[in-house]
Amino acid sequence: MNNLNPKLFDKDVQTAGTRDGYGQALLELGEKNHDIVVLTADLAESTRVEEFGKKFPERFIECGVAEQNMMGIAAGLALGGKIPFVSSYAVFSPGRSWDQLRVSVCYTEANVKVAGAHTGISVGPDGATHQALEDIAIVRVLPNIVVEVPCDAIEAKKTTLAAAAHKGPFYFRFGREKTPIITTDDAPFEVGKAQVLKDGDDATIVACGPLVYQSLLAAKQLEDKGINVRVINNHTIKPIDTLTLAKAAKETGAIVTVEEHQITGGLGGAVAEALVKNYPVPMEFIGVQDTFGESGNTDELYEKYGMSTDAIYKAVQDVIRRK
């Protein structure tokens with residue numbers, strides 16, 4: 001398997017929250033670039049920007065519980081030459097501030113970076129109101145914006161650094177819980193370029209976010225049964241890597257998408273849109289099936305909502321039968 005943590009399948013595999021990679025990258029950026037400004041809406045600790053605020057208080061803005069105002073402030077800062085990072089839970093930003101993101105940021109092509117934390121069903125005990133399951137859909141529809149979903153803390157750090165270097169609106173989402181470190185510091189990362197983590201020719205799993213880990217586990221179990229599955233880490237939802245996806249569709253003949261998001265309008269929808277135009281094949285969609293979440297621990301929620309390793313394993317078998 002390419003560019004993977006060599007201890008990925010060990011019981012003691014290192015774990016970290018994707019939000020931790022965000023906080024670490026901001027500290028590095030703050031040292032190197034004095035135009036970096038961080039904003040939050042009363043969630044400094046949860047979004048991992050607290051340390052940035054302590055180290056660079058003159059470039060840290062606590063907006064209070066006023067996400068719409070925060071997005072407007074960020075747009076103004078960007079149009080004035082700064083590089084603002086808006087940090088909140090995704091249900092609030094972009095959820096509550098979508099209008100400001102649309103008009104003040106995307107329409108003006110303002111250089112604003114929006115970090116949506118606490119995404120997916122794995123937010124767990126915080127329950128349905130705080131589980132962002134729709135953010136990819138509502139953001140990727142907007143013109144002029146990049147949409148990224150890092151798979152682990154290392155990739156979250158790389159994503160944050162890439163966001164700072166990119167000129168224009170940029171959205172990226174993070175989880176709450178600690179999840180396995182999948183990649184390595186040396187693994188290649190490029191916005192708009194999906195990574196083939198495992199080769200195979202029987203089917204392809206296209207995943208994003210921490211569920212890339214469950215996808216690799218499922219692929220390993222399938223390999224033990226003689227089914228050789230390709231696994232793609234599709235961290236960039238927009239612009240999507242059509243070439244890599246079409247190549248996988250042509251060579252394997254079947255696709256399963258895996259995401260911690262509604263299957264409507266998320267990764268699955270983006271992949272289907274790309275393939276129906278270029279190389280349509282049978283597809284199955286792992287994700288939230290048009291429902292809200294609930295409180296619970298991560299493994300229980302993955303099992304109930306059909307995002308477990310077993311669910312991915314079954315979906316691959318189902319899609320192969322449809323080839």
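In the set 123, 103, only one residue is buried (at least 20 other Cβ atoms within 10 Å of the Cβ) and either in contact with a helix residue (DSSP H, G or I) (Cβ under 8 Å, 6 or more places away or on another chain) or at pLDDT 95 or above (or both); that residue is 123.
Mind checking which residues of region 124-179 are at positive phi and small (Gly, Ala, Ser)? Listed by number, the residues that qualify are 124, 127, 168. Among residues belonging to region 45-60 that are within 25 Å of the chain's Cα centre (by Cα) and of a type in the set (A, V, I, L, M, F, W, C), point out the one that is surrounded by the fewest Cβ atoms within 10 Å (Cβ to Cβ). In this case the residue turns out to be 60.
Return yes when residue 169 is closer than 25 Å to residue 307 by Cα, out of contact with any Leu (no Cβ under 7 Å at 6 or more places or on another chain) and either assigned by TED's automatic domain parsing to the domain that holds residue 22 or surrounded by fewer than 17 Cβ atoms within 10 Å (Cβ to Cβ) (or both) and no when it is not. For residue 169, the condition - closer than 25 Å to residue 307 by Cα, out of contact with any Leu (no Cβ under 7 Å at 6 or more places or on another chain) and either assigned by TED's automatic domain parsing to the domain that holds residue 22 or surrounded by fewer than 17 Cβ atoms within 10 Å (Cβ to Cβ) (or both) - is not met. Looking across region 132-176, the residues that are touching a strand residue (DSSP E or B) at 6+ places or on another chain (Cβ under 7 Å), assigned to a helix (DSSP H, G or I) and charged (D, E, K, R) come down to 135, 140, 155.
Candidates are the residues of region 37-51 that are among the hydrophobic types (A, V, I, L, M, F, W, C) and not in a loop (DSSP other than H, G, I, E, B); the one that is nearest to residue 156 (Cα to Cα) is 38. Candidates 186, 135: the one that is more than 14 Å from the chain's Cα centre (by Cα) and among the charged types (D, E, K, R) is 186.
Yes/no matrix, rows are residues, columns are (1) surrounded by 21 or more Cβ atoms within 10 Å (Cβ to Cβ); (2) closer than 20 Å to residue 284 by Cα; (3) small (Gly, Ala, Ser); (4) in contact with a Cys (Cβ under 7 Å, 6 or more places away or on another chain):
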| site | (1), (2), (3), (4) |
| --- | --- |
| 199 | no, yes, no, no |
| 204 | yes, yes, no, no |
| 217 | no, yes, no, no |
| 224 | no, no, no, no |
| 230 | yes, yes, no, no |
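If the condition is being among the basic types (Lys, Arg) and either on the phi > 0 side of the Ramachandran plot or surrounded by 21 or more Cβ atoms within 10 Å (Cβ to Cβ) (or both), then region 1-44 contributes only 19.
The values are calculated or read from the model by the stated rules, or taken from the named source; none is laboratory data. Computed from a predicted structure; not experimentally measured. Neighbour counts run over all protein chains shown; Cβ positions are idealised from the backbone, glycine included.
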